[in-house]
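Heads up: the structure comes next, in structure tokens.
The values are calculated or read from the model by the stated rules, or taken from the named source; none is laboratory data. All values derive from a computational prediction rather than experimental measurement. When we count neighbours, we look across all protein chains shown, and the Cβ atoms used for this are built from the backbone with ideal geometry, even at glycine.
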């Protein structure tokens, strides 16, 4: 599984480096943007799993960035944690109302930061964690990289390739939701610029073929003109 991508938007180099070191030590992939324009370009290029966002930035404020991302369908559910020295309750409420999922005031400890990051990812992006996912009896375990289902009292395992594994993981952690090809490229491949959207169709076909022995291929539904979704209600009893 790829590392969780964190975009750190912070214009103070010393703080940015300290936060980045702690996140990388904890296993996260970190990129740094020192101003609003760089942050916007970074998110346009590759959708991160989470943004750590300073309030006061050159160009425009972190609050303005958060509001802009919340208004864009592509980034509407992007997890955002604001990092700021503004500790007043009115500022905190403004940050949360502006779209932040959490709000951490400076100074903060590395342990608190990591705990907040993991908590937001757990709520907003479970696909970033190594927890097993069970949808209608189909079980995907990132730790062992196995996809299994019990049928007639016996466990069966699907032979799923790396890309199909990531694709299934994302679909299983967002069941019933319809995802366009562009959204799947963002969340599974990580960069939609260099990959054609029809690539998604190829991997969906491979995923269905891999799930056929588990009698689960029909769970991955095509929504005409919109994209794909995982439909647990379509699962037949084992």
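Residues to consider are 148, 199; find the one that is outside any loop (DSSP other than H, G, I, E, B) and modelled with pLDDT of 90 or more.
It is 148.
From the list 66, 132, 87, 125, pick out the single residue that is modelled with pLDDT under 80 and touching a strand residue (DSSP E or B) at 6+ places or on another chain (Cβ under 6 Å).
Checking each option against the conditions leaves just 87.
What pairs come up if the first residue lies in segment 2-22 and is farther than 13 Å from residue 54 by Cα, the second is in a helix (DSSP H, G or I), and their beta carbons are under 7 Å apart, counting only those six or more places apart or on different chains?
From segment 2-22, the pairs are 4/121; 4/128; 6/23; 22/110; 22/113; 22/114.
Looking for something at pLDDT below 85, assigned to a helix (DSSP H, G or I) and farther than 16 Å from residue 148 by Cα - is there at least one such residue anywhere in segment 173-181?
no
Of the conditions (1) at pLDDT 85 or above; (2) surrounded by 17 or more Cβ atoms within 10 Å (Cβ to Cβ); (3) within 18 Å of residue 231 (Cβ to Cβ), residue 137 satisfies every one except a single condition; which number is it?
(2)
List the pairs whose first member sits in segment 97-113 and is closer than 12 Å to residue 84 by Cβ and assigned by TED's automatic domain parsing to the domain that holds residue 26, whose second member is at pLDDT below 85 and assigned to a loop (DSSP other than H, G, I, E, B), and whose Cβ atoms are under 7 Å apart, counting only residues at least 6 apart or on separate chains?
Short answer, once both residue conditions are applied: 105/85; 105/87; 106/85.
I'd like the residue in segment 182-195 that is surrounded by fewer than 19 Cβ atoms within 10 Å (Cβ to Cβ) and assigned to a loop (DSSP other than H, G, I, E, B) and, out of all such residues, is modelled with the highest pLDDT.
Once the filter is applied, the top-ranked residue is 195.
Looking only at segment 43-70, which residues are within 24 Å of residue 187 (Cβ to Cβ) and buried (at least 19 other Cβ atoms within 10 Å of the Cβ)?
Across segment 43-70, the qualifying residues are 43, 47, 48, 49, 50, 51, 52, 53, 62, 65, 66, 69.
Which condition breaks for residue 27 when tested against (1) under 25 Å from residue 186 (Cα atoms); (2) in contact with a strand residue (DSSP E or B) (Cβ under 7 Å, 6 or more places away or on another chain); (3) without any contact (Cβ under 8 Å) to a residue 40 or more places away in the chain?
(2)
Looking at segment 168-181 only, could you name the residues that are surrounded by fewer than 19 Cβ atoms within 10 Å (Cβ to Cβ) and either out of contact with any helix residue (DSSP H, G or I) (no Cβ under 7 Å at 6 or more places or on another chain) or at positive phi (or both)?
174, 176, 177, 178, 180
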